[in-house]
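So the structure is just underneath, and the comments pick up after that.
Where a number appears in this text, it was derived from the coordinates with a stated rule and is not lab data. None of the values given here were measured: they were computed from a predicted structure. Ideal geometry is used to build each Cβ from the backbone, glycine not excepted, and the neighbour counts take in all protein chains shown.
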Amino acid sequence: MTLGEMPRSFLPPRVEKSVERPAITRFAPSPNGPLHLGHALSALYCHDLARASGGRFLVRIEDIDAVRSRPEHVASALADLAWLGLEPNAPPLRQSTRIPAYLTAFDRLKERGLLYRCWCTRAQIAAALRRQSVRHGPDGPAYPGTCRHAEHAGDPARAHSWRLKTDLAVDWAAGRTGPLRWRDLARGEIAADPGRFGDIVIWRKDAPASYHLAATVDDAAQGIGPVVRGMDLFDYTDIHVLLQTLLDLPQPAYWHHPLLFGPGGGKLSKSKDSPALRERREAGEDGRVLSDQLRARHFPAGISLSSP
Ligand code: GLU
């Protein structure tokens with residue numbers, strides 16, 4: 001697919017009016033595969049918004065999944081960003097170096113009695129879901145709560161994950177701050193409903209902290225605001241603001257930018273619709289020209305922030 005075939009998306013004027021200044025944004029790829037055009041646009045939004053506000057553009061490598069994360073994808077992502085002309089203001093933060101911070105947050109949730117061990121396999125969860133009806137959230141049916149009941153408790157020495165008692169957590173948070181809400185720069189105030197995800201995993205069996213815990217802890221530690229990321233993560237923000245309240249972390253504003261879609265209207269597929277950035281870079285294409293083409297197409301007037 002060429003840029004010309006791609007639907008345009010624009011930076012909503014409301015985002016330009018309401019951005020916090022100076023903005024500290026982060027581009028946070030998971031090095032499970034190569035970056036493609038959708039990542040380039042996301043990084044551009046983060047970079048240009050930060051620069052237009054006199055702020056900082058940061059990069060965070062979300063590499064806590066030791067099985068899926070690959071060093072070659074980390075190296076390639078950083079080379080792609082440099083090729084696009086998007087230099088971060090600080091060395092990239094690697095989540096694999098941040099486990100102690102995630103453990104501290106985990107302990108806090110555990111001390112508050114908000115976590116329980118879970119030994120269920122995928123097959124056991126699927127079987128339990130055939131027997132009982134549960135709420136369906138954006139990720140599909142919620143966990144049926146099997147291990148929350150003492151009679152199903154397994155051996156703590158056996159590998160297990162830790163789940164959040166989401167209903168209790170929501171009540172606890174609402175008791176402190178009132179109903180959970182967050183602010184999206186383009187869409188305004190959003191009422192959060194993290195309960196629809198059910199008892200989410202906070203600490204994984206096969207890897208350390210879940211994405212939700214790690215991203216929430218790191219956004220606070222890096223002073224991120226607004227969090228600029230793709231619309232595919234919009235629903236998860238409900239979970240992140242719940243965790244912020246439970247952990248006494250500040251709540252940033254968010255902007256979930258439009259995604260790039262393939263010619264058929266489906267999600268842009270790396271291999272079929274758009275070659276990896278790495279392939280384009282290695283073929284000798286000029287990355288800064290590509291950045292400027294994306295800008296011209298998606299925010300042709302540039303990003304100009306009005307006075308607060
Ligand atoms: N690591 C996530 C991804 O590559 C992004 C997480 C985020 O921006 O919060 O999709």
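Put the Cα centre of region 191-224 next to the Cα centre of region 80-109 and the gap is 14 Å. The calculated FRET efficiency for Ala159 paired with Ala123, based on their beta-carbon distance and R0 = 22 Å, is about 0.90. Taking the Cα-to-Cβ direction at Arg176 and at His152 and moving 7 Å from each Cα, how far apart do the two end points lie in nm? Each label point lies 7 Å from its Cα, and together they span 2.8 nm.
When the Gaussian network model of the chain links Cα atoms closer than 10 Å, the mean-square fluctuations of Arg68, Arg21, Arg94 top out at Arg68.
What aspartates and glutamates does Lys17 reach when the alpha-carbon gap must be under 18 Å and sequence neighbours fewer than 8 apart in one chain are set aside? Hits, sequence-local ones excluded: Asp48, Asp184, Glu189.
Residue separation of Ser304 and Asp193 scaled by 0.36 nm, minus their Cα-Cα distance, works out to 36.6 nm of gained length.
Compared with the direct C-alpha span, the chain from Asp206 to Arg14 gains 65.0 nm at full extension, assuming 0.36 nm per residue. Here region 44-81 is scanned for amide nitrogen atoms under 19 Å from the site 7 Å beyond the Cα of Phe234 along Cα-to-Cβ, giving 45-46.
Beta-bridge orientation, the chain: approximately 60 percent antiparallel, per DSSP, counting only bridges with both partners inside. Note on the chain: helix-only mean residue ellipticity at 222 nm, from DSSP H runs of 4+ residues weighted -39500 (n - 2.57) and normalised by residue number, equals -11000 deg cm²/dmol. Peptides 126-139, 152-165, 223-236 ranked from most to least packed give 223-236, 152-165, 126-139, packing being the mean of other C-beta atoms within 10 angstrom over each peptide's residues.
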